[in-house]
Amino acid sequence: MASYSDASKTTMVPLKGGTQLPIFGLGTFLSEPGEVPNAVQHALSSEGYLMVDTASMYGNEAEIGAALAELKMERDKYYVVTKLLPDDHGFEQTVAACDVSLKKLGLDYVDLYLIHNPKGKSCVETWKGMLECKAKGKAKAVGVSNFGVEQLKGLKSAGLETPEVNQVELHPWLQQPELTAYHAAEGIVTMGYCPLARCKKFGSTAMKGIAESVGKTEAQVAIRWCMQKGYITIPKSVSNDRIKQNGDAASTFTLSEDQMAEIAKLNEGFKASGSVNQQDLPWADVQ
């Protein structure tokens, strides 16, 4: 098993399908219209970010596509992740929706295409559509988001190629040990969103002391924890300063084994977003 104690912004995580993704990238959820282009361009051109995460639901794929086009970077120098709307579940709808996202992004392919959540139901047929997108070269890799263990087992029981990635809420206060253990056993890469728990826990736990001991912010320590665990993480920001600070957490310091052990004790099942509840939907209701 790979060690990520010295992970940096350019560290790549291999996927079981044969491709790879950076362990660190820019999240764009809840970024206001007009703010995304500068965030994307600053992150990729000035701060060494390699990846941008978006979704059809976010409504900013076109802005991100325009920002990428303006940068004129070679396509193999950056990575793009997007996600399928629940309203677009189903085999044919999934393939068509991928085309729509690609057109908005101005790309021939995305590096990772995800089922955004299981709430759209028809997950088996939808997953077949995701695999079709991969087979046609529209996505280099495919996976899911907000899926729990039982939902992942359900996809596996369909006898299909299983997801390469599951993107879920993940941070020191919501470590999801059962789910991440299942990921490890099945070769599914863990991708964590909301790594800062929307700052709702800062100043109230032992994380504050750990941050002070390493001369970093709690946000930087939370990001670093994710990376050293080998989880892909995508902190969102539209502020140049915060984008830099988040990027510095990816490359400028390392947490000790003792500090990682202390952070392990912070897990309390705290949900900063409601999306994690989708992991509890019965497979019979979404398959």
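What is the local net charge at residue 8, summed over the other residues whose Cβ is closer than 13 Å to its Cβ (Lys, Arg +1; Asp, Glu -1)? Mind dumping the intermediate values first?
Details: positive: 9, 224; negative: 6, 47, 248.
Local net charge: -1.
Under 5 Å between amide hydrogens, which residues at least 5 positions from residue 26 or on another chain qualify, with H placed 1.01 Å from N in the peptide plane?
51, 52, 53
Calculate the length of the line joining the C-alpha centroid of the stretch 226-247 to that of the stretch 110-135, in whole Å.
26
Need one number: convex hull volume per residue for the stretch 12-195, Cα atoms only, in Å³.
On the way: hull volume 20.5 nm³, N = 184.
Value for the stretch 12-195: 112 Å³ per residue.
I'd like the distance separating the alpha-carbon centroids of the stretch 164-179 and the stretch 1-62, in whole Å.
Between the Cα centre of the stretch 164-179 and that of the stretch 1-62, the gap is 17 Å.
Counting alpha carbon pairs within less than 8 Å and at least 6 residues apart, what relative contact order, in whole percent, applies to the chain?
Details: 559 pairs, mean separation 64.9, N = 287.
About 23 percent, as a whole number.
Rounded to whole Hz and in sequence order, give me ³J(HN,Hα) for the stretch 168-178 from the Karplus expression 6.51 cos²θ - 1.76 cosθ + 1.60, θ = phi - 60°, writing x for Gly and Pro.
9, 5, 7, 6, x, 9, 9, 8, 6, x, 5
Among 173, 127, what is the fewest-to-most ranking by other Cβ atoms within 10 Å? Numbers along the way, then the final one.
On the way: 173 21, 127 25.
In increasing order of surrounding Cβ atoms, one gets 173, 127.
Compute the relative contact order of the stretch 125-209 as a whole-number percentage, counting only Cα pairs closer than 8 Å that sit 6 or more residues apart in sequence.
24
May I ask you to derive the relative contact order of the stretch 1-109, considering only C-alpha pairs under 8 Å and at least 6 residues apart, and to give it as an integer percent? Walk me through the intermediate numbers first.
Values: 138 pairs, mean separation 24.8, N = 109.
Contact order relative to length: 23 percent.
Would you order 95, 144 from fewest to most other beta-carbon atoms within 10 Å of each residue's own beta-carbon?
Numbers: 95 17, 144 27.
Going from sparsest to densest Cβ surroundings: 95, 144.
Among 272, 66, 97, which one moves the most in a GNM of the chain with springs linking Cα atoms closer than 10 Å?
Sorting by GNM fluctuation, first place goes to 66.
Return the FRET efficiency for the residue pair residue 185, residue 70: r is the Cβ-Cβ distance, R0 is 45 Å, and the value is rounded to the nearest 0.05.
Working: r = 43 Å, r/R0 = 0.95.
Calculated transfer efficiency: 0.60.
Sequence neighbours fewer than 8 away in the same chain don't count; with that in mind, list the lysines whose C-alpha is under 16 Å from residue 104.
83, 138
Read the figures in this text as sums done on the coordinates, not as results from a lab. Please read these numbers as outputs of a predicted model, since none were measured by experiment. Glycine also receives a Cβ, built like all others from the backbone with ideal geometry; neighbour counts cover every protein chain displayed.
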